[in-house]
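The values are calculated or read from the model by the stated rules, or taken from the named source; none is laboratory data. The structure displayed is predicted, hence computed values, not measured ones. Note that we place each Cβ from the backbone using ideal geometry, even for glycine, and neighbour counts take in every protein chain shown.
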Amino acid sequence: MASLTGAMSDRDRRSDGPAAGGLEALVSTARRLGREGAPLTAVRSLARVNQPDGFDCPGCAWPEPRRTSRFEFCENGAKAVAFEATGKRADPEFFASHRVAELRAQSDHWLEGRGRLTHPMRYDRETDRYRPVGWDEAFSRIAALLDDLGDPNEAIFYTSGRTSNEAAFLYQLLGRRLGTNNFPDCSNMCHESSGVGLSESIGVGKGTVTLEDFERADAIFVIGQNPGTNHPRMLTELQAARRRGAKIVSLNPLRERALVAFAYPKRPWEMLPGGATPISTHYLQVLVGGDLAALTGIAKSVLAAEDAAAGAVLDRRFLEDHTTGFEEYEACVRATPWETIERESGLSRGQLEEVGRVYVEAESVIACWAMGLTQHRHAVATIQQIANLLFLRGNVGRPGAGACPVRGHSNVQGDRTVGITEKPSSDFLERLGAEFGFEPPLRPGLDTVGAIEAMAAGRARLFFAMGGNFVAATPDTDHTARALERCELTVHVSTKLNRSHTVVGRDALILPCLGRTEADVQEAGLQKVTVEDSMSVVHASCGRNAPASPGLVSEPAIVAGIGRATRRTRAIPWDDLVGDYARIRDRIARVLPDLFADFNARIEQPGGFYLGNAARDRAWNTTTGRARFVTASVPELGLPEGQLRLMTMRSHDQFNTTIYELDDRYRGIRGTRRVVFLNAADLERRGLRDGDLLDVQSHHGDGRDRVVTGFRAVAYDIPEGCAAGYFPELNPLVAVSSYADKSRTPVSKFIPVTVRASRGDAAS
Ligand SMILES: Nc1nc2c(c(=O)[nH]1)N[C@H]1C(S)=C(S)[C@@H](COP(=O)(O)OP(=O)(O)OC[C@H]3O[C@@H](n4cnc5c(=O)[nH]c(N)nc54)[C@H](O)[C@@H]3O)O[C@H]1N2
Ligand SMILES: Nc1nc2c(c(=O)[nH]1)N[C@H]1C(S)=C(S)[C@@H](COP(=O)(O)OP(=O)(O)OC[C@H]3O[C@@H](n4cnc5c(=O)[nH]c(N)nc54)[C@H](O)[C@@H]3O)O[C@H]1N2
Ligand SMILES: [Mo]
């Protein structure tokens, strides 16, 4: 357990077991490559991940160091590459021998484990099987529906964040030429709360730091994020920071192993006794949902420090020259009693005051966060408390300091930049329309929650997914599946078989595409694409592996194929654009000249180019023209007696809904994902024991029954009243009506549940 003050003693570190990373990580990668039957070329291709002339890692959005050619090794990036390069195939023979009903009964792990898709497939209701279809026939089928729509808003175009800038730009062009802004994306479920919160506070929805800032920060906060699993390359930065004496403060209900200590896997000798670097200097096991309270407590102690040494703590100059709303915020923080803060955060005043001291003593502070903050009802307000805290000492817009929402998918940020959003700015629409000679629709489109509601109400005829796994990733799995089935046509552009393919509309297509690692040859030769990382650096990515099947088509070419076949969109010069992606980039540069002027030239720079960030330059594009303190009081989150706050998270062996293995090494779980982590006292109170099988029921007060059965109880170091388990297995418990204020991000980290001894099936 952490000591009372939150500072970590040596004893704490030992009790967490060996450090994350190290030799274990290398062994796990080698095993994975072997098991996938990946060809040697694929293994060799690992050496081209994140290299100047190679491909962008299809894993997370953490940036690559810009000025080095050092091989950025990451166990989980290697898994993502190996999984794409698998030797296994889900080909027409496979589909011929499995009814869709059978596929639906399989686990997500099994479905993705069938390997790469090879042919376009169309659902045949009579035999309940997918059968091969030609590309032209598939495009005509989609075009026929698009041309028949009474209202273009009957079409929904979903995007997952692996799609390149070039593909995403063409895709939004297709939809907008048709007349709709229905572009829900995975971001709606991910960092939407960060985008909405930061836009209001600092005038830009992206992070303000670059990788170089990590070398200069004196304190780094890691809030609601598990980088050891989800952004392993970030640990290199944290490790270096810790070694040069920076303070690292983690706020997390769980003691995530890699946030406790870490060994760089390229240097396994660091696993020798004493070799691993401790990461966190302070570890606060906040209650699930308690961050707004905790951040208020930290701010309260900063204000107290200012009272004790007037003029020495707050950056008065920054507050006066650059902010609005400070007085109201200050009054609110001062008026919030410690008693409320302690109860709602689950942390002691002493712990929060100590972290307040760390904040005050650091010249430059970076705050990082991810899904532990964004997927809550009060997510936007909580993220704005981070901004407020940073403002107090002018920790935005100077070296070594700033806000760092750490993005998920490798190009989720870029997709937004080039137009994947249901709420495009009028400026963007105007320029797009001028460039391509049409009038884009002004009415905002559907986000993810809105898309599910529209389909459920029978208001959508086409659901089209550019990547992703909509049914498994969204809330209310069963309800969402029924909603999807109401569509006339569902289309999935995918690399692997997944649950969404098993939930079919009246008609359904699977369109298999090239992956990021594969050579994409168009009329003008081998093509590159571009992506934007979490720190707004755009760079090229060029796959060179032989495609998994000759039948695969690239994502841009799929969009062009549909665009060409559809009467309503035929006026766009699709063939010209897709023949050479440099021409797509020229168009992006013309539509977004402030960001992408000289796009094609600038991607030749090694490491790519930085898009810039106005807030980093202390230019505030907010409603007040200044950085805005947005005040929020601490919400009372107490649940009725007996209910627990359940959060859903990722294991070490998955990428979102893609399950690599059934293990979660750092948390000590082997061979199953159907587990619920609970505090021993909560188990005891219910007469349950570690290892018991449980049924979990969620409570949303809407009269709908949401239960999952046969989950194994795991006694774990988690605050009392909190519980944890894995996404996507627990998604049936999230209500589609339960989403964050302002951002409409589904609340998948605070599900009110009760648990009881299982009456259902055994765990698998
Ligand atoms: N290998 C791998 N890499 C990935 C992904 C993957 O699945 N696998 N997914 C990618 C994507 S799309 C994303 S968005 C990111 C996700 O990256 P993360 O945000 O790290 O993902 P989660 O597993 O959801 O972890 C959430 C963390 O927040 C903590 N947490 C939960 N509730 C709370 C809370 O109320 N307060 C606080 N302070 N902490 C809380 C959990 O204990 C956990 O440590 O990773 C990206 N990278
Ligand atoms: N309960 C709960 N739900 C959550 C979350 C949570 O923490 N808890 N996290 C949310 C978050 S942060 C996110 S980002 C979403 C993720 O939601 P999605 O992005 O929709 O889901 P993924 O699992 O990333 O998508 C995996 C599928 O993408 C396809 N794919 C892989 N590579 C490519 C490619 O290069 N091109 C194409 N076209 N397809 C490809 C494969 O077929 C694979 O099956 O889930 C959200 N849902
Ligand atoms: Mo995400």
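Residues in region 346-361 include none that are farther than 20 Å from Y329 by Cα, within 16 Å of ligand 3 (Cβ to nearest atom) and either at pLDDT 95 or above or buried (at least 23 other Cβ atoms within 10 Å of the Cβ) (or both). Taking the conditions (1) out of contact with any strand residue (DSSP E or B) (no Cβ under 6 Å at 6 or more places or on another chain); (2) assigned to a helix (DSSP H, G or I); (3) within 16 Å of ligand 3 (Cβ to nearest atom); (4) of a type outside the set (S, T, N, Q) in turn, R407 satisfies each one other than (2). A count restricted to region 464-479 and to residues that are closer than 22 Å to L149 by Cβ and touching a helix residue (DSSP H, G or I) at 6+ places or on another chain (Cβ under 6 Å) stands at 2. Exactly one residue out of C368, C332 is part of a helix (DSSP H, G or I) and either closer than 30 Å to E212 by Cα or more than 16 Å from ligand 1 (Cβ to nearest atom) (or both), and it is C332. If you go through region 371-397 and keep only what is near ligand 1 (Cβ under 10 Å from one of its atoms), not aliphatic (A, V, I, L, M) and not in a loop (DSSP other than H, G, I, E, B), you end up with G372, T374, T382.
Suppose we filter region 173-202 for residues that are of a type in the set (S, T, Y), within 12 Å of ligand 1 (Cβ to nearest atom) and either under 19 Å from G467 (Cβ atoms) or assigned to a loop (DSSP other than H, G, I, E, B) (or both); how many remain? The number of residues fulfilling the criteria is 1.
Going through (1) among the aromatic types (F, W, Y); (2) more than 16 Å from ligand 3 (Cβ to nearest atom); (3) within 30 Å of S743 (Cβ to Cβ) one by one, Y158 falls short only on (2). Of the residues making up region 645-696, those that are touching a helix residue (DSSP H, G or I) at 6+ places or on another chain (Cβ under 9 Å) and more than 16 Å from ligand 1 (Cβ to nearest atom) are L688, R689, D690, D692, V696.
The listed residues are E488, E435, E439, E453, and the only one of them that is touching a Lys or Arg at 6+ places or on another chain (Cβ under 6 Å), under 22 Å from L149 (Cα atoms) and modelled with pLDDT of 95 or more turns out to be E488. For region 642-663, a tally of residues being within 15 Å of ligand 2 (Cβ to nearest atom) and free of Cβ contacts under 8 Å to residues at least 60 places away in the same chain returns 0.
Among the residues of region 203-226, some residue qualifies, meaning at least one is more than 16 Å from ligand 1 (Cβ to nearest atom), of a type in the set (A, V, I, L, M) and under 18 Å from I420 (Cβ atoms). Here S250, S194 are screened, and the one residue that is in contact (Cβ under 8 Å) with a residue 60 or more places away in the chain, under 28 Å from P58 (Cβ atoms) and of a type in the set (S, T, Y) is S194.
Could you tell me which of the residues R31, R48 is surrounded by fewer than 16 Cβ atoms within 10 Å (Cβ to Cβ), modelled with pLDDT under 70 and outside the structural domain of G467 (by TED's automatic domain parsing)?
Residue meeting the stated conditions: R31.
What is the residue count in region 621-651 for residues that are more than 16 Å from ligand 3 (Cβ to nearest atom) and either assigned to a loop (DSSP other than H, G, I, E, B) or surrounded by fewer than 21 Cβ atoms within 10 Å (Cβ to Cβ) (or both)?
Final tally of qualifying residues: 21.
Looking at region 512-534, can you tell me whether even one residue there is in contact (Cβ under 8 Å) with a residue 60 or more places away in the chain, within 14 Å of ligand 2 (Cβ to nearest atom) and more than 30 Å from P65 (Cα to Cα)? There is at least one residue in region 512-534 that is in contact (Cβ under 8 Å) with a residue 60 or more places away in the chain, within 14 Å of ligand 2 (Cβ to nearest atom) and more than 30 Å from P65 (Cα to Cα). The residue pairs whose first member lies in region 577-604 and is in a helix (DSSP H, G or I), whose second member is basic (K, R), and whose beta carbons are closer than 6 Å, counting only pairs six or more residues apart or on different chains, are L577/R583; V591/R431; F599/R585; N600/R585. Picking from residues in region 304-329 that are within 19 Å of L352 (Cβ to Cβ) and in contact (Cβ under 8 Å) with a residue 40 or more places away in the chain, the one that is surrounded by the most Cβ atoms within 10 Å (Cβ to Cβ) is Y329.
Give the residue that is surrounded by the most Cβ atoms within 10 Å (Cβ to Cβ), with candidates limited to residues of region 398-432 that are away from ligand 1 (no atom under 16 Å from the Cβ) and either closer than 18 Å to L211 by Cβ or aliphatic (A, V, I, L, M) (or both).
Among those residues, the one meeting the criterion is V418.
The requirement of being in the same structural domain as D586 (by TED's automatic domain parsing), aliphatic (A, V, I, L, M) and within 15 Å of ligand 2 (Cβ to nearest atom) is satisfied by A168.
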